[in-house]
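Here is the structure we will look at.
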Amino acid sequence: MRPEPAPALKYLAAYPAHVLAQVHVLLDQGQLGAMLLKKYLHSHAVRTDRALYDYVQSIKATKLRGSEPLSKVAFDTKLHVMAHALGTHTAVSRVQGSRLKAKREIRVATLFKDTPIEFLRMITVHELAHLKERAHDKAFYQLCCHMEPDYHQFEFDLRLYLTHLDLGGKVDWPSGPSLNTQAGR
Ligand SMILES: [Zn+2]
C-alpha cells in the first residue's frame with residue numbers, strides 16, 4: 001500500500017512553504033491539537049447571542065469609535081466555515097419611508113462558541129473591520145491589527161485549529177473564568 005498523500009491544507013493555503021512544512025511536521029507527529037491546547041488554555045464564556053452582542057459592542061466602542069451602528073449580532077448554526085469566509089458581515093438595505101437605510105449585521109459561525117477567547121476576538125475584529133473596509137486589502141488588515149495587535153497570530157492559530165477539525169481531530173478546551181471576570185467587572 002502506498003502511504004496516504006499529505007492532506008491539502010485548505011485553510012492554510014495562503015501561507016509560505018516553510019510554514020506549511022512546520023505544520024506537516026506537527027501533523028505527522030499528531031501534535032497539532034496538543035500544541036493548541038497548550039498555547040490557549042481555556043474556552044471563553046460568550047455562550048449566547050446576547051453575550052456575543054455585548055462582547056462585539058465592547059470592542060467596537062473602544063477600538064472602532066464612530067463606526068456605523070450594528071443592528072444585529074448573532075451566532076449562526078447555518079454558517080459554514082470556509083477557507084475565506086469565517087464569519088459574515090452584511091449590509092441589508094431597506095427602504096424606510098423615503099430613505100434608504102443600511103442595516104449592519106454580524107454573524108459568527110457557531111463553532112466559535114467552543115474556542116478560546118482569542119479566536120472569537122479575531123473573528124470579531126475581522127467582521128468589525130469590514131464596517132469600514134470592504135476588501136481584504138492592506139488598509140483592512142491594518143485596521144484589524146489596530147484593533148488587535150496579535151491579529152495575524154490568532155488568525156494563523158485559528159486556521160491551524162480548523163485544519164485539525166478538518167482532519168477529524170478535536171480540542172476540548174476546559175472552560176475558563178466566568179464572563180464577569182473576563183470583562184473585568
Ligand atoms: Zn472578510
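Within segment 155-168, can you find the residues that are away from the ligand (no atom under 12 Å from the Cβ) and closer than 19 Å to Arg107 by Cα? Across segment 155-168, the qualifying residues are Leu158, Arg159, Leu162.
Being out of contact with any helix residue (DSSP H, G or I) (no Cβ under 7 Å at 6 or more places or on another chain) and either over 20 Å from Ala14 (Cβ atoms) or at pLDDT 95 or above (or both) is a property that Leu131 has. Just one of the listed residues (Val73, Val92) is at pLDDT below 85, over 30 Å from Tyr15 (Cα atoms) and away from the ligand (no atom under 14 Å from the Cβ), namely Val92. For segment 118-137, how many residues meet the condition of being assigned to a helix (DSSP H, G or I) and more than 9 Å from the ligand (Cβ to nearest atom)? Looking only at that region, the number is 9. Residues of segment 35-53 that are in contact with a helix residue (DSSP H, G or I) (Cβ under 9 Å, 6 or more places away or on another chain) and either of a type in the set (A, V, I, L, M, F, W, C) or in a helix (DSSP H, G or I) (or both): Met35, Leu36, Lys39, Ala45, Val46, Ala51, Leu52.
On the given criteria, is Leu143 modelled with pLDDT of 95 or more, over 28 Å from Ser175 (Cβ atoms), aliphatic (A, V, I, L, M) and within 13 Å of the ligand (Cβ to nearest atom)? The answer is yes for Leu143.
The values are calculated or read from the model by the stated rules, or taken from the named source; none is laboratory data. Remember, it's a predicted structure, so these values are computed and weren't measured experimentally. Every residue, glycine among them, receives a Cβ derived from its backbone with ideal geometry; neighbour counts consider all protein chains shown.
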